[in-house]
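Q: I'd like to ask you about the structure that follows.
The values are calculated or read from the model by the stated rules, or taken from the named source; none is laboratory data. Note that this is a predicted model, so its numbers are computed, not measured. Glycine gets a Cβ as well: all are built from the backbone with ideal geometry, and neighbour counts include every protein chain shown. What goes into the accessible areas is simple: the full protein's heavy atoms, side chains included, and nothing from ligands, DNA or RNA. Shrake-Rupley method; radii C 1.70, N 1.55, O 1.52, S 1.80 Å.
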Amino acid sequence: MNGVKALVFDVFGTVVDWRAGVAREAAEFLQRHGAGGVDPAAFADLWRARYQPAMEEVRSGRRPFVRLDVLHRENLEVILPDVGVDPSHVPASELDALNRAWHRLDPWPDVLAGLARLKTHYIIAPLSNGNVLLMLNMAKRAGLPWDAILGAEVAQAYKPAPEAYLRTADILGLEPGEVCMVAAHNSDLAAASACGLRTAFVARPLEYGSGSSRDPVAERDWDVIVSDFAELATRMGA
């Protein structure tokens, strides 16, 4: 990893536990709107399942770039009928409040201490599909010590489009090989590697709940493979 000057991080799943956070906030909403029998974690999964298809509409050029907050809000209205809630009967203010659950996600237990160590040696910043305001609100609430807040609208591209990685490196004034992508998702690292970035895999076996088989282990020989951010900091000499 000689020459690496910046670590950029996938956020949803790698830095924060999106599933538990969304489920926590959805539980009261579902109860209030007559869907108390719906498993809040299953609701979070249903919402997240719309994530990639919505971004693909932008990546493909079928629609102009819009912030992830907009996509999440649209997706919320799409899935509510699937759990027996008519979004037209819900005040817009309540839908907006639930949509901001994505701004209020908790970091995994190892994250804050690990980032603090890494920050002493490297530039650290999110390379997320989340928009800037989402990343700012999340960082302020959770205490994430980013050196910069970079959102998808800065690069005007959603991962895994090459522009998301290459424009981020350029914004930081670095060559791709001077940037290391940190993620719990093999597909994210594969796309980053194809653009010349270095790669670090952090296992997050509980991202989709216990018993999930999604991305439990590294599928390639990434530059660094670790179990948490503490180990990552040690491996990176921080």
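Q: Given an 8 Å cut-off on Cα distances and at least 6 residues of separation, report the relative contact order of the range 129-202 as a percent. Each step should come with its number before you reach the end.
A: Details: 94 pairs, mean separation 17.1, N = 74.
Reported relative contact order: 23 percent.
Q: Grab the beta carbon distance between residue 31 and residue 104, set R0 = 25 Å, and tell me the FRET efficiency rounded to 0.05.
A: Working: r = 18 Å, r/R0 = 0.73.
That gives a FRET efficiency of 0.85.
Q: Now for a separate question. No solvent, one uniform scatterer per C-alpha: report log10 I(q)/I(0) for the range 92-152 via the Debye equation at q = 0.12, 0.26 1/Å, two decimals.
A: -0.32, -1.14
Q: Compute the FRET efficiency between residue 120 and residue 42 as 1/(1 + (r/R0)^6), taking r as their Cβ-Cβ distance and R0 = 30 Å, and round to the nearest 0.05. Don't jump to the answer; show the numbers that get you there.
A: Details: r = 41 Å, r/R0 = 1.36.
Calculated value: 0.15.
Q: Still on this structure, I have one more. Carbon and sulfur together cover what percent of the accessible area of the chain at a 1.4 Å probe radius?
A: On the way: 5240 of 10090 Å².
The value for the chain is 52 percent carbon and sulfur by accessible area.
Q: I've got another one for you. Name the most mobile residue of 73, 24, 32, meaning the one with the largest mean-square fluctuation, in a Gaussian network model of the chain with Cα contacts below 10 Å.
A: Looking only at 73, 24, 32, the largest GNM fluctuation is found for 32.
Q: Could you tell me the calculated FRET efficiency between residue 167 and residue 70, based on Cβ-Cβ distance and R0 = 25 angstrom, to the nearest 0.05? Write out the running numbers ahead of the final one.
A: Values: r = 20 Å, r/R0 = 0.81.
E between residue 167 and residue 70, to the nearest 0.05, is 0.80.
Q: Roughly what would the spin-label model give for residue 190 and residue 228, points 7 Å off Cα along C-beta, in nm?
A: 2.9
Q: How high is the relative contact order of the range 37-167, in percent, with contacts defined as C-alpha pairs under 8 Å that are six or more residues apart?
A: RCO, the range 37-167: 23 percent.
Q: Using only Cα atoms, find the angle between the long axis of helix 18-32 and the longest principal axis of the chain, and express it within 0 to 90 degrees, rounded to the nearest 10.
A: Helix 18-32 and the main axis of the chain meet at about 10 degrees.
Q: Further question on the same structure: If each residue of separation counts as 0.36 nm, what is the full-extension length gain between residue 52 and residue 92 once their alpha-carbon separation is subtracted?
A: Details: separation 40, 0.36 × 40 = 14.40 nm, distance 2.42 nm.
Separation in residues times 0.36 nm, less the Cα-Cα distance, equals 12.0 nm.
Q: Separate question: What is the ratio of the Cα radius of gyration of the range 54-105 to 2.2 N^0.38 Å, where N is its residue count, to two decimals? Don't skip to the end; give the middle numbers.
A: Values: Rg = 12.3 Å, N = 52, 2.2 N^0.38 = 9.9 Å.
Dividing the Cα Rg of the range 54-105 by 2.2 N^0.38 Å gives 1.24.
Q: Also: Compute the angle between helix 68-79 and the longest alpha-carbon principal axis of the chain, please, reported from 0 to 90 degrees and rounded to the nearest 10.
A: Between the helix axis and the principal axis of the chain, the angle is about 40 degrees.
Q: Output the 0 to 90 degree angle, nearest 10, between the alpha-carbon long axis of helix 132-142 and the longest principal axis computed from the alpha carbons of the chain.
A: Helix 132-142 and the main axis of the chain meet at about 90 degrees.
Q: In the range 22-122, which chymotrypsin sites (Phe, Trp or Tyr not before Pro) are in a loop and have at most 16 other Cβ atoms within 10 Å, using DSSP for the loop call?
A: Numbers: sites: 29, 43, 47, 51, 65, 102, 122; in loops: 65, 122.
Those that pass, being in a loop and sparsely packed, are 65.
Q: Still on this structure, I have one more. What number, rounded to the nearest 500 deg cm²/dmol, is the helix-based mean residue ellipticity at 222 nm of the chain, given -39500 (n - 2.57) per DSSP H run of at least four residues and division by all its residues? List each step's numbers first, then the result.
A: Working: 11 runs with 103 residues, N = 238.
Helix-only estimate at 222 nm: -12500 deg cm²/dmol.
Q: Give me the distance between the Cα centres of the range 54-124 and the range 171-201, rounded to whole Å.
A: So the two Cα centres are separated by 22 Å.
Q: So which residue, out of 82, 45, 147, gets the largest mean-square fluctuation from a GNM of the chain using Cα contacts under 10 Å as springs?
A: Of the options given, 82 has the highest mean-square fluctuation.
Q: Over the range 146-188, what is the mean sequence separation of C-alpha contacts under 8 Å (at least six apart), divided by residue count, expressed as relative contact order in percent?
A: Working: 21 pairs, mean separation 11.7, N = 43.
After rounding, I find 27 percent.
Q: Out of 219, 25, 178, any idea which swings most in a Gaussian network model of the chain, alpha carbons joined below 10 Å?
A: Of 219, 25, 178, the most mobile in the Gaussian network model is 219.
Q: Per Stokes-Einstein, at 25 °C and 0.890 mPa s, what whole-number D in µm² s⁻¹ belongs to the chain, with the Kirkwood radius over Cα pairs as the hydrodynamic radius? It would help to have the intermediate numbers written out before the result.
A: On the way: Rh = 18.3 Å.
Answer from the Stokes-Einstein relation: 134 µm²/s.
Q: Please give the residues of the range 103-132, grouped as numeric ranges, whose backbone N is less than 19 Å from a label point set 7 Å along the Cα-to-Cβ vector of residue 79.
A: Only 103-107, 129-131 fall inside the zone, counting backbone N under 19 Å.
Q: Tell me, what does the Kirkwood hydrodynamic radius of the range 100-238 come to in angstroms if you use every pair of distinct C-alpha atoms?
A: On the way: mean 1/r = 0.0649 Å⁻¹.
It works out to 15.4 Å.
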